[in-house]
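First comes the structure, then the notes that go with it.
Rule-based calculations on the coordinates, nothing more; no lab input. This one's a predicted model, so the numbers in the text were calculated from it and none came from an experiment. Cβ coordinates were reconstructed from backbone atoms using ideal geometry, including for glycine residues, and neighbour counts include every protein chain displayed.
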């Protein structure tokens, strides 16, 4: 197939590009580098099956020639309010990527009669009152809160995708992505894994908020990409959760990080301000992925961290 991937220079988009190229597809990458990095696709220079356009997807998209599939992954995604690249600090760009970017990419898919895959997020569930989260759960989201620029952009994108499917017959798919980690992720992302892993590799005590009872589920990037590709090849139109259902507290996770990295500095507890309505619990119900896609994660946390640590060390300048 000839496939367009928006956000191709991002963490997930670049891994997805690599996977689809390895399967013999032609990939057209698109990114405006607001949060994506040229370094993530530098290794593709000279690959005859890869073409790249620097472009903002909130503007009209033109790609010459026929396209068989469109995968829309362009959006700021970092929840770190201290980062200039976080969606908190790029609110309008984030909303435009979710709204106008989705509209433009759906229009391109419609014109080409191409299959379409939207990258949605577990953040559409908000701070969930249902646990684990099934695709049927409508969520607990504050549409006027600071996180809304990301949450509501993705919720609108899902609604628009299904509207194009129902009204125009566009062959759409929606993946709801849960916490994912691996090489090429942003060390300043603001999520628990990059924060704690960076501290551990620098020999610092790990910062745990409150009593560390908040939970997360961590999926290695290769597993996530495999689930996305299976969804792309499927005929499923309704949202599908892709993530690792193994849940742990952040305190348990911090202890594993210190053990894997050999960090002797221990753990410090700080007050949990609960700013930005950070979800207390997060765990996907992947029954639909198991049933429809025959997918479930293969990498355990220890193996995933082993594959991720060299990248973090390189970025941190640690031998």
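Shown is the FRET efficiency for residue 140 and residue 260, computed with R0 = 25 Å from the Cβ-Cβ distance and rounded to the nearest 0.05: 0.15. The sum of -39500 (n - 2.57) across all DSSP H runs of n ≥ 4, divided by the residue count of the chain, sets its helix-only mean residue ellipticity at 222 nm to -11000 deg cm²/dmol.
The distance linking region 1-34 with region 170-239 is 18 Å (Cα centroid to Cα centroid, whole angstrom). The antiparallel fraction among DSSP beta bridges confined to the chain stands at about 10%. In terms of its C-alpha gyration tensor, region 212-319 comes out oblate, because a/c is 1.5 or above while a/b does not outweigh b/c. Look at where the Cα atoms of region 140-163 and of region 61-112 average out, and the two centres are 13 Å apart.
Quick check on region 24-179: take the gyration tensor over C-alpha atoms, sort the square-rooted eigenvalues as a ≥ b ≥ c, and tell me if it's rounded (a/c under 1.5), prolate or oblate.
oblate
By the beta-carbon count within 10 Å of each Cβ, the least crowded to most crowded order of 62, 218, fewest first, is 62, 218. Between 0 and 90 degrees, the angle of helix 11-22 with respect to the longest Cα principal axis of the chain falls at about 50 degrees. Compute the long axis of helix 301-316 from its Cα atoms, compare it with the longest principal axis of the Cα atoms of the chain, and write down the angle in degrees, 0 to 90, nearest 10. Helix 301-316 and the main axis of the chain meet at about 90 degrees. Using semi-axes √(5λ) of the Cα gyration tensor in Å as the read-out, say which of (i) 26, 24, 18; (ii) 32, 25, 16; (iii) 31, 22, 18 was calculated from these coordinates. Calculated semi-axes √(5λ) of the Cα gyration tensor in Å: the matching label is (iii).
The ranking of 188, 123, 23 by Cβ neighbour count inside 10 Å, starting from the fewest, reads 23, 188, 123. Taking other Cβ atoms within 10 Å as a rough exposure proxy, 290, 198 sort from fewest to most as 290, 198. Any idea what angle helix 221-233 forms with the longest principal axis of the chain, computed on alpha-carbon atoms, 0 to 90 degrees, nearest 10? The angle comes out at about 20 degrees. According to the square roots a ≥ b ≥ c of the eigenvalues of the Cα gyration tensor, what is the shape class of region 6-48, taking rounded for a/c under 1.5, prolate for a/b larger than b/c otherwise, and oblate for the remainder? Note, shape of region 6-48 comes out prolate.
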